[in-house]
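A quick write-up on the structure given underneath.
The values are calculated or read from the model by the stated rules, or taken from the named source; none is laboratory data. Values in this document were obtained by computation on a predicted structure and should not be read as measured data. Glycine gets a Cβ as well: all are built from the backbone with ideal geometry, and neighbour counts include every protein chain shown. Remember, those area values only see protein heavy atoms, side chains included, never the ligands or the DNA or RNA. Shrake-Rupley method; radii C 1.70, N 1.55, O 1.52, S 1.80 Å.
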Amino acid sequence: MGNLRVLFIGGSGIISSACSRVAVESGIELFVLNRGSSSQRPLPPEATILRADIREPQSVMSEIKDLDFDAVVDWVAFTAEHVSTDIELFRGRTGQYVFISSASAYQTPPVRMPVTESTPLRNPFWQYSRDKIACEDALIAAYRDEGFPATIVRPSHTYDRTSVPFDGGWTVLGRMLAGKPVIVHGDGTSLWTLTHHEDFAHAFVPLLGHPRTLGEAFQITSDDVLTWNQIATTLAAALGVQAKILHVPSDAIAAADPDWGAGLLGDKAHSMVFDNTKVRSVVPGWRAVIPFEQGAREIAGWHLADPARQVTDPRLDAVMDKLAADFTAR
């Protein structure tokens, strides 16, 4: 692992921040290209910062100059156009190009579980997922046509202490503390997989520069599967309260708030359980070890430590109040 030269485009996000830290701990020479606008998750001091905007290829070229890399990871590519720009930028300059896709690109709802890398990609509900599929298609074509050294990684719901698994973030924790109803979609029994970003990083970093990953796709998720009722009660317990769970059909949530509904109907409302055999075949011995009970305590502790982090979304809070009124009265 040592002596690899790796470029992260982005690097201070929920997933990438942990990967940046594990990369430098592994002896990787890490370069991070970003605009320098995030201070919430500082980059490791060992990383070399390149200041440029990936949406402006000329600024990237003038910053990178004649550097080449064993691996380039783009954490912020969301459309086929983004990927096409990367292919032009890094063709011949990297031994591996890693695209961060999404497990929400898989067939939704899945016909068979557990989900594996060979599960078809099809999500008619969510544009975000369709865009990720288009990115994968562009990379597979480049790999087939010219041998472009693409590796595709599909995270599912990966979190850190700053990120609440429910839409609305602190808004939901605040409702729990206030004793207000917490909206849980459906009957709360659909299964969901939550992955701590530290666990993800320890599977991801060994893929960098690995010759057996080229032209391949890997999903990296926990084996920690919970119902949404369990997720709500676990968060409430970490806050020292009991959750007043109110079940509301996903369709009704989507009618009340289309953005919230898109993420439910296109992702969270469907049970998702994953088989991580493939990534373990390349990273022997890896498994996710951080249970959500520990993660929930980290989330609660981080938010409670600073009132500035306790930001309620008044619009979404009002939507939740309205749904609670409508469905409590039934």
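Quick grid of which residues meet (1) open to solvent by 10 Å² or more (accessible area, probe 1.4 Å); (2) β-branched (V, I, T); (3) touching a strand residue (DSSP E or B) at 6+ places or on another chain (Cβ under 6 Å); (4) within 24 Å of V76 (Cα to Cα):
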{"site": "F148", "(1), (2), (3), (4)": "no, no, no, yes"}
{"site": "S156", "(1), (2), (3), (4)": "yes, no, yes, yes"}
{"site": "L177", "(1), (2), (3), (4)": "yes, no, no, no"}
{"site": "V184", "(1), (2), (3), (4)": "no, yes, yes, no"}
{"site": "L191", "(1), (2), (3), (4)": "yes, no, yes, no"}
{"site": "H202", "(1), (2), (3), (4)": "yes, no, no, yes"}
{"site": "L208", "(1), (2), (3), (4)": "no, no, yes, yes"}
Would you confirm whether any residue within the range 32-42 is open to solvent by less than 80 Å² (accessible area, probe 1.4 Å), under 14 Å from T94 (Cβ atoms) and in contact with a strand residue (DSSP E or B) (Cβ under 6 Å, 6 or more places away or on another chain)?
yes
Kindly establish whether K322 is more than 24 Å from the chain's Cα centre (by Cα), more than 24 Å from S129 (Cα to Cα) and either at pLDDT below 95 or surrounded by fewer than 15 Cβ atoms within 10 Å (Cβ to Cβ) (or both).
yes
Using the structure shown, decide if V241 is in contact with a strand residue (DSSP E or B) (Cβ under 8 Å, 6 or more places away or on another chain), aliphatic (A, V, I, L, M), at pLDDT 95 or above and open to solvent by 30 Å² or more (accessible area, probe 1.4 Å).
no
Please tell me if R175 is among the basic types (K, R), within 30 Å of D321 (Cβ to Cβ) and touching a helix residue (DSSP H, G or I) at 6+ places or on another chain (Cβ under 9 Å).
yes
Checking D86 against (1) in a loop (DSSP other than H, G, I, E, B); (2) within 21 Å of P149 (Cα to Cα); (3) open to solvent by less than 70 Å² (accessible area, probe 1.4 Å); (4) of a type in the set (D, E, K, R), only one condition comes out false. Which one?
(1)
When the range 217-236 is checked residue by residue, the ones that are open to solvent by 20 Å² or more (accessible area, probe 1.4 Å) and out of contact with any helix residue (DSSP H, G or I) (no Cβ under 7 Å at 6 or more places or on another chain) are D223, V225, T227, N229, Q230, T233
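Per-residue answers, yes or no, for (1) in a loop (DSSP other than H, G, I, E, B); (2) among the hydrophobic types (A, V, I, L, M, F, W, C):
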{"residue": "A201", "(1), (2)": "no, yes"}
{"residue": "G209", "(1), (2)": "yes, no"}
{"residue": "L226", "(1), (2)": "no, yes"}
{"residue": "L235", "(1), (2)": "no, yes"}
{"residue": "I253", "(1), (2)": "no, yes"}
{"residue": "K278", "(1), (2)": "no, no"}
With respect to V205, is the statement that it is touching a Cys at 6+ places or on another chain (Cβ under 7 Å) and not in a strand (DSSP E or B) true?
yes
Among the residues of the range 19-40, are any over 28 Å from S129 (Cβ atoms) and at pLDDT below 90?
yes
Given the conditions (1) in contact (Cβ under 8 Å) with a residue 12 or more places away in the chain; (2) open to solvent by 20 Å² or more (accessible area, probe 1.4 Å); (3) farther than 17 Å from G179 by Cα, and given that F274 satisfies all but one, which numbered condition is not satisfied?
(2)
Exclusive hit being within 23 Å of S271 (Cα to Cα), of a type in the set (K, R) and modelled with pLDDT of 95 or more, set R144, R212, R175, R154:
R154
Only one of (1) β-branched (V, I, T); (2) closer than 21 Å to S16 by Cα; (3) open to solvent by less than 10 Å² (accessible area, probe 1.4 Å) does not apply to V115, and that is (2)
